[in-house]
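A short worksheet on the structure shown next.
Any read-out appearing in this document is the output of simple, stated calculations on the displayed coordinates, not a laboratory observation. Bear in mind the structure is a predicted one, so any value in this text is a computation, not a measurement. Quick reminder, even Gly has a Cβ in these numbers, built from the backbone with ideal geometry, and neighbours come from all protein chains shown.
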Ligand SMILES: CC(C)(COP(=O)(O)OP(=O)(O)OC[C@H]1O[C@@H](n2cnc3c(N)ncnc32)[C@H](O)[C@@H]1OP(=O)(O)O)[C@@H](O)C(=O)NCCC(=O)NCCS
């Protein structure tokens, strides 16, 4: 079901902090059994991504007030989606789709290949990415977790 969404705009620093922290804490808690031991490493990664989003040099963070998407150029010179997050109260209302479509339309003017990684058993995320044209091209195991690498090639 698609509801009418507010306009997509640059994310505020508060939204960046909230969404990236919640997304990664959630993902890591769900995924990694040794979550507690890895906490320092996880927090460091979250900080790096938050700082990259805030500086806006390599990563752009957009929001519609109901969720956030972070995207930019990866070290291989490809367009990359770093994070997508919808606040729990707004899930399944077309928020994530609106955000990823906004990111795709910005990235595709500059990059032919767009890519992202997702945890294979994150069904909501994989279904959303598939519905906007990403295809699984590779799978890897990371600490017993299956990660899918998905790509979308612009014509
Ligand atoms: C994954 C996530 C971003 C989806 O956001 P959302 O705003 O709820 O997604 P949308 O409403 O735009 O859904 C678009 C499509 O994705 C798929 N989808 C979304 N949630 C789904 C779910 N729970 N189960 C199955 N398919 C789902 C559907 O195909 C849906 O289209 P439909 O509603 O017309 O059937 C959201 O669940 C989330 O923030 N999860 C926690 C963080 C996360 O896992 N981020 C992704 C990291 S890779």
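Each of residue 73 and residue 2 was given a label point 7 Å from its Cα along the Cα-to-Cβ line. The distance between the two points is 3.1 nm.
At R0 = 41 Å, how high is the FRET efficiency between residue 17 and residue 101 if r is their beta carbon distance? Nearest 0.05 is fine. Between residue 17 and residue 101 the formula returns 0.95.
Taking other Cβ within 10 Å of each residue's Cβ, how do 95, 59, 137 sort, fewest first? All intermediate terms of the calculation are to be shown ahead of the outcome.
Working: 95 25, 59 22, 137 12.
Listing 95, 59, 137 from fewest to most nearby Cβ atoms yields 137, 59, 95.
Of 48, 60, the sequence from fewest to most neighbouring Cβ atoms within 10 angstrom is 48, 60. Short-range pairs are left out: with C-alpha atoms under 8 Å and at least six residues apart, the relative contact order of the chain is 20 percent.
Between 76, 135, 108, the residue with the greatest mean-square fluctuation in the GNM of the chain (Cα pairs under 10 Å linked by springs) is 76. Estimated purely from DSSP H runs of n ≥ 4, each contributing -39500 (n - 2.57), the mean residue ellipticity at 222 nm for the chain is -12000 deg cm²/dmol once divided by its residues.
Exposure proxy shown here: for 134, 90, 111, the number of other Cβ atoms within 10 Å sets the order, fewest to most, as 90, 111, 134.
Normalising the Debye intensity of region 1-110 to I(0), with uniform scatterers on Cα atoms only, and taking log10 at q = 0.15 Å⁻¹ returns -0.65. Counted residue by residue at 0.36 nm each, then reduced by the alpha carbon distance between them, the extension gain from residue 41 to residue 143 reaches 35.3 nm. Round to the nearest 0.05 the FRET efficiency obtained for residue 29 and residue 136 when R0 = 22 Å and r is the Cβ-Cβ distance. So the FRET efficiency works out to roughly 0.35. For the chain, a Gaussian network of Cα nodes joined below 10 Å ranks 118, 127, 52 by mean-square fluctuation, and the top entry is 127.
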